[in-house]
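**Student:** Take a look at the following structure, please.
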Ligand code: SF4
């Protein structure tokens, strides 16, 4: 019998992630999710979703495999009202039964961002307060999480493996190989409701202060536009991978 995941050392976990990445490369997103949820990380894995422009397809796949799978939504207190409504509507539509809404710590928020304008002065600190720490608290009881990052997003995501280990958690990226064509076809096939802001020119949707409409080739160009910031930090650096924390939203 193999040792429980939690008892494996860091190097063993890294090797396990690399072996899984090689074994699951080329499999469909549904196959990857089924392996992760039903075999490799049973009861120890959560999905983290922004309920953004591209979230519906992966959430639909998770719901089809296990509607009780934990889905973490970080309510930063800076989301568009449309995102909060969409989170409720899409969760009900998909029959998700275990959506866990996490928020910034109120004491930290009061001390570090009393006026709610930290995003203007120090967006990295704002993301740490409103995304990184809540995400880390939410994932404390899990060995692995599922993210919706895709290689077509480019930059540090261009060579994403299907499975990573960041020193604390395994991360499963079922949609790495999918682009807009596959996503749009899936959404159309299952008639999944779109985020309402997509029709208003937002191909990527995060917090309202840091999201702009975008019609360029890079869907993420509207995130922190003009600031040079491209990452929120919820993705810890992966050993042997790109050095900076990566953005998932
Ligand atoms: S995306 Fe903007 S508002 Fe949201 S947590 Fe980061 S800096 Fe703050």
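**Student:** In the range 106-125, what residues are within 11 Å of residue 209 (Cβ to Cβ) and touching a residue at least 40 places away in the same chain (Cβ under 8 Å)?
**Tutor:** Step one: filter the range 106-125 for residues within 11 Å of residue 209 (Cβ to Cβ), giving 116-120, 123.
Residues satisfying the conditions are 119, 120, 123.
Let's see how each residue does on (1) under 19 Å from the mean Cα position of the chain (by Cα); (2) within 20 Å of residue 176 (Cα to Cα):
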| site | (1), (2) |
| --- | --- |
| 9 | no, no |
| 13 | no, no |
| 20 | no, yes |
| 41 | yes, yes |
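**Student:** So how many residues does the range 167-191 have that are part of a loop (DSSP other than H, G, I, E, B) and surrounded by 20 or more Cβ atoms within 10 Å (Cβ to Cβ)? Even if it seems obvious, please write down each step before you answer.
**Tutor:** If we filter the range 167-191 for residues that are part of a loop (DSSP other than H, G, I, E, B), which is where we start, we get 167-169, 173-179, 190-191.
Then drop every residue that is not surrounded by 20 or more Cβ atoms within 10 Å (Cβ to Cβ), which leaves 169, 173-176, 178.
Total satisfying the criteria: 6.
**Student:** Which of the residues that make up the range 73-92 are assigned to a helix (DSSP H, G or I) and under 19 Å from residue 46 (Cα atoms)?
**Tutor:** Taking the range 73-92 and keeping what is assigned to a helix (DSSP H, G or I), we get 81-92.
Of everything in the range 73-92, those that are assigned to a helix (DSSP H, G or I) and under 19 Å from residue 46 (Cα atoms) turn out to be 87, 88, 90, 91, 92.
**Student:** What do you reckon, is residue 124 more than 16 Å from residue 48 (Cβ to Cβ), within 18 Å of the chain's Cα centre (by Cα) and either within 16 Å of the ligand (Cβ to nearest atom) or modelled with pLDDT of 95 or more (or both)?
**Tutor:** On the way: more than 16 Å from residue 48 (Cβ to Cβ): yes; within 18 Å of the chain's Cα centre (by Cα): yes; either within 16 Å of the ligand (Cβ to nearest atom) or modelled with pLDDT of 95 or more (or both): yes.
Spelling it out, residue 124 is indeed more than 16 Å from residue 48 (Cβ to Cβ), within 18 Å of the chain's Cα centre (by Cα) and either within 16 Å of the ligand (Cβ to nearest atom) or modelled with pLDDT of 95 or more (or both).
**Student:** Just to be sure before I move on: is residue 108 within 16 Å of the ligand (Cβ to nearest atom) and farther than 26 Å from residue 20 by Cβ in the structure I sent?
**Tutor:** On the way: within 16 Å of the ligand (Cβ to nearest atom): yes; farther than 26 Å from residue 20 by Cβ: yes.
Answer is yes for this residue.
**Student:** So, residue 199, is that one within 17 Å of the chain's Cα centre (by Cα) and more than 16 Å from the ligand (Cβ to nearest atom) or not?
**Tutor:** Details: within 17 Å of the chain's Cα centre (by Cα): no; more than 16 Å from the ligand (Cβ to nearest atom): yes.
For residue 199, the condition - within 17 Å of the chain's Cα centre (by Cα) and more than 16 Å from the ligand (Cβ to nearest atom) - is not met.
**Student:** Going by the conditions given, is residue 240 at positive phi, away from the ligand (no atom under 16 Å from the Cβ) and either modelled with pLDDT of 85 or more or touching a strand residue (DSSP E or B) at 6+ places or on another chain (Cβ under 7 Å) (or both)?
**Tutor:** Considered against the rule, which asks whether it is at positive phi, away from the ligand (no atom under 16 Å from the Cβ) and either modelled with pLDDT of 85 or more or touching a strand residue (DSSP E or B) at 6+ places or on another chain (Cβ under 7 Å) (or both), residue 240 comes out as no.
**Student:** If you take the residues of the range 41-57 that are out of contact with any strand residue (DSSP E or B) (no Cβ under 7 Å at 6 or more places or on another chain) and touching a residue at least 40 places away in the same chain (Cβ under 8 Å), which of them is nearest to residue 153 (Cα to Cα)?
**Tutor:** Quick first cut of the range 41-57, residues out of contact with any strand residue (DSSP E or B) (no Cβ under 7 Å at 6 or more places or on another chain) only: 42-43, 50, 52-57.
Going one step further and asking which of them are touching a residue at least 40 places away in the same chain (Cβ under 8 Å), we end up with 50, 52-57.
On the way: 50: 16, 52: 15, 53: 13, 54: 12, 55: 14, 56: 17, 57: 16 Å.
My answer is 54.
**Student:** May I pose another question? Please pick out the residue among 213, 203, 196 that is modelled with pLDDT of 95 or more, out of contact with any strand residue (DSSP E or B) (no Cβ under 7 Å at 6 or more places or on another chain) and in a loop (DSSP other than H, G, I, E, B).
**Tutor:** Working: 213 fails: modelled with pLDDT of 95 or more; 203 fails: modelled with pLDDT of 95 or more.
196 is the lone residue from the list that is modelled with pLDDT of 95 or more, out of contact with any strand residue (DSSP E or B) (no Cβ under 7 Å at 6 or more places or on another chain) and in a loop (DSSP other than H, G, I, E, B).
The values are calculated or read from the model by the stated rules, or taken from the named source; none is laboratory data. What you are looking at is a predicted structure, and each value in this text was computed from that prediction instead of being measured. A quick note on method: Cβ atoms are made from the backbone with ideal geometry, for glycine too, and the neighbour counts reach across all protein chains shown.
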